[in-house]
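Notes follow once the structure below has been shown.
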Amino acid sequence: MVRTIAKDHEEKRVAILKKAAKFFAKNGFDRSSMSQLAIECGVSKALIYHYYQSKEVLLYDIIFTHLKDLVDAVEVVKVVDDPEQHLRNLVHAVLNQYRDADAEHKLQLEATTSLPQANQKTLADMQRQLVVTLSDAINAISPMCFEQREETLRPITMSLFGMLNWFYLWYRRGKGMTRSDYADLATDLLLGGIKGLEKQ
């Protein structure tokens, strides 16, 4: 007889995923155990293993879900006639998707190497997809400039990700710049840099 899936199956899985992300990010993935996680979640260890057969499978789902949400967020950004505005919209989309995802983002940056190579490759492919999307948007701002200075496109793209990826370390909600203000600032800094390249 086939076991039916409980109506709240997905809801429980998502709850475990979110709590696990925060627990691993706070305590370190390598130093965390499934037993400790079960206590943190207020459930039995058996219940967690019902959803995830190992700590690594759980970590992979956390990071995969986080990256998929990012990829989906930038893919729905409509291309507009103004390339600078399109880039600005993409930057806003990335930072908005980072909202309430500090733990997942930290694990992506720090714990991916704890996963099997096949999992790492899948996640790396998703990250490359994000890089290509933003790189294409940056290139569209000044095609002639990047044709003449092809070697600068990737460093500029990665510099933008650098500004966005470490935002979670210093940002405090309600203090200083808003998330939206910083998205504009990061975009303006990048556009200013491109204009500087055009004059060289």
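Looking at M163, L59, L191, which one has the Cα that reaches farthest to the positive end of the dipole of the chain (charges on Cβ: Lys, Arg +1; Asp, Glu -1)?
L59
How big is the range 74-135 on each of its three principal axes, counting only the C-alpha atoms and giving the largest first in Å?
Here the spans come out as 42, 24, 15 Å, largest first.
Give me the angle, in degrees from 0 to 90, between the Cα long axis of helix 153-165 and the longest principal axis of the Cα atoms of the chain, rounded to the nearest 10.
Roughly 50 degrees between the two axes.
Note down the relative contact order for the range 1-111 as a percent, whole number, built from C-alpha pairs under 8 angstrom at least six residues apart.
32 percent
Kindly flag which residue pairs out of K18/K106; K19/K121; K68/K195; K19/K78 have an alpha-carbon separation exceeding 22 Å in this structure.
Flagged as over cut-off: K19/K121; K68/K195; K19/K78.
Would you kindly find the accessible area of E40, with a 1.4 Å probe and non-protein molecules such as ligands, DNA and RNA excluded, rounding to the nearest 10 Å²?
110 Å²
On a 0 to 90 degree scale, rounded to 10, what angle separates helix 117-141 from the longest Cα axis of the chain?
30 degrees
For the range 11-67, taking Cα atoms only, what is the radius of gyration to one decimal and the Dmax to the nearest whole Å?
According to the Cα coordinates of the range 11-67, Rg and Dmax are 10.0, 28 Å.
Give me the dipole magnitude in Debye, nearest 20, for the range 32-168 about the Cα centre, with unit charges on the beta carbon: positive for Lys and Arg, negative for Asp and Glu.
360 debye
How charged is the neighbourhood of R88? Take every other residue with its Cβ under 14 Å from the Cβ of R88, and add Lys/Arg as +1 and Asp/Glu as -1.
Here the count lands on -4.
Gaussian network model of the chain, Cα springs within a sub-10 Å range: biggest mean-square fluctuation belongs to which of G176, G28, G162?
G176
Report, in degrees rounded to the nearest 10, the 0 to 90 angle that the Cα long axis of helix 179-199 makes with the longest principal axis of the chain.
Helix 179-199 sits at roughly 40 degrees to that axis.
Under the rule of -39500 (n - 2.57) per DSSP H run of 4 or more residues, summed and divided by the residues of the chain, what mean residue ellipticity at 222 nm is obtained, to the nearest 500 deg cm²/dmol?
Using -39500 (n - 2.57) per qualifying helix, the result is -24000 deg cm²/dmol.
Taking the square root of 5 times each eigenvalue of the Cα gyration tensor, what semi-axes in Å does the equivalent ellipsoid of the chain have, largest first?
Result for the chain: semi-axes of 37, 17, 16 Å.
The values are calculated or read from the model by the stated rules, or taken from the named source; none is laboratory data. All of these numbers come straight from a predicted model, not from anything done at the bench. So basically every Cβ, Gly included, is an ideal-geometry build from the backbone, and we count neighbours across all protein chains shown. For accessibility, only protein heavy atoms count, side chains too; no ligands or nucleic acids. Shrake-Rupley method; radii C 1.70, N 1.55, O 1.52, S 1.80 Å.
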